[in-house]
Amino acid sequence: MELLAILLFALIFLFILWGYPVALTLGGLSVLFAFFTVDPIIFNALPSRIMGTMNNVLLIAVPLFIYMGIMLEKSGLAESMLETMALLFGKMKGGLAISVVVVGALLAASTGIVGATVVTMGLISLPTMLKRGYRTELATGTIAASGTLGQIIPPSIVLVLLADQLSNASGNQSVDVGTMFSAALLPGLILVSLYILYILFVAWRYPEYAPSMPEEEIAAFQEKGMWGRVIKAFLLPLLLIVAVLGSIFGGIASPTEAAAVGAFGASLLTIIQGKLTFKVLQSVMQETTHLTCMVFLILLGATTFSLVFRDLGGDYYLIDLIENSRLAPIGFLLLVMVAIFIAGFFIDFIEIVFIIVPVVTPIFVSLEMDLVWIGILIAMNLQTSFLTPPFGFSLFYLKGVAPPEVTTQHLYRGIIPFIIIQVIFISLIILFPQIVTG
């Protein structure tokens, strides 16, 4: 049965490489394997799993944030903000990509939902970067990596789930959500800084990959109302971001409710810009529906795949590997990190949190290891799982909104450097726990 789980994974990988739709490949092959290799009674569990996904209140934020992103695109404010930030950097190579990381981090912090953030940033940033002559791989990698920052920058859904599971499985120890948020703040900011340093290095080593803004545009920008344009470009969007972030940090709204604030605010900004017409509204609604269906179809395909993979025993193989290991504390931690990293190739973060974390937490407690530190390491690892080909969901979401000329190979090649950055940073957190514990 374990070999069948590996075969299912390999076939899905091959079919995706051959160009078959990701969501239908995930769901279709999984259903075929379930029908021919395991008890068909497994299908009785599928409707409840699907309804569990559809009834998740947090997912209501997905169409709202997609609407927000598309509406901001129609208003022209998002593109103006990114271009104005690039112009402020002047002749600096990679200025637009750096602005994408900063804006992506702000959006990620306001949503906590990777799919919505990646789609929003893809709609706003990718066309602008390609138009400015950025290398496709750098543009897509920057957007996909920036969109996953919501996994580690609080408020984060995965941190809430990890705190709950660590507390439940540890017995007497309690892991507070607020403590997890505080511990995650510095690592999140450091990761943003590492992304920016990588972009600066690429821009220095390969200047044609991340061109600066044309000198004539910079001169015109500086001569003709520079500060007025800066205020116009940044004030209204920043007010929107502050409204979304502030409603969460102030305890006024949940991320889902904050998404509604963002959707309303984006519509209001488009009205202020004088660009909201019935035709624009109709277009935004249609695109929102289309992209929302795409996102949820991927989620349903992934849900089906996770169910079948678990029934084939793929998850138990990973659990047995962890339970049967007899290693020193740091060796056991490395084994868990590797297992989660591999599991992240084909199981979503919720599955990993509920399958692996309860199994390994009592062992961490017996080894007297800091559970908050462990939680941040796992969260960083789960963030990486959104980027790892072939099943990195951030890559799927970005491909759904990317122009036709952007291929899957572009996405895979572009994300590899950012995965390496995250793996190195996870290693640094393991070597220097004070990054988390202070």
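Bear in mind these aren't lab numbers, they're just calculated from the coordinates by the rules spelled out. Being a predicted model, the structure only gives us computed values, none of them experimental. With ideal geometry, Cβ positions are generated from the backbone for all residues, glycine too; neighbour counts draw on all protein chains shown.
Calculate the spin-label point distance for Phe36 paired with Leu238, positioning each point 7 Å from the Cα along the beta-carbon direction, and give it in nanometres. The two pseudo-label positions are separated by 5.9 nm.
Annotation: lysines with alpha-carbon distance below 28 angstrom to Lys279 (same-chain offsets under eight excluded): Lys74, Lys131, Lys232, Lys399.
Highest mean first, how do 422-435, 131-144 rank when packing is the count of other Cβ atoms within 10 Å averaged over residues?
On the way: 422-435: 14.6, 131-144: 23.6.
Descending packing order for the listed peptides: 131-144, 422-435.
Multiplying the residue separation of Gln282 and Glu216 by 0.36 nm and removing their Cα-Cα distance gives an extension gain of 20.0 nm. Distance from the C-alpha centroid of the range 188-209 to that of the range 257-295: 32 Å, rounded to the whole angstrom.
Apply 1/(1 + (r/R0)^6) to the Cβ-Cβ distance of Leu14 and Gln434, taking R0 = 25 Å, and write down the FRET efficiency to the nearest 0.05. Can you show the working numbers first?
Numbers: r = 44 Å, r/R0 = 1.78.
Efficiency computed from Cβ-Cβ geometry: 0.05.
Sorted by average packing, counted as other Cβ atoms within 10 angstrom per residue and highest first, what order do 404-415, 35-46 take? Spell out each step's value before the answer.
Numbers: 404-415: 17.2, 35-46: 12.8.
Taking the mean over residues of other Cβ atoms within 10 Å, the ranking is 404-415, 35-46.
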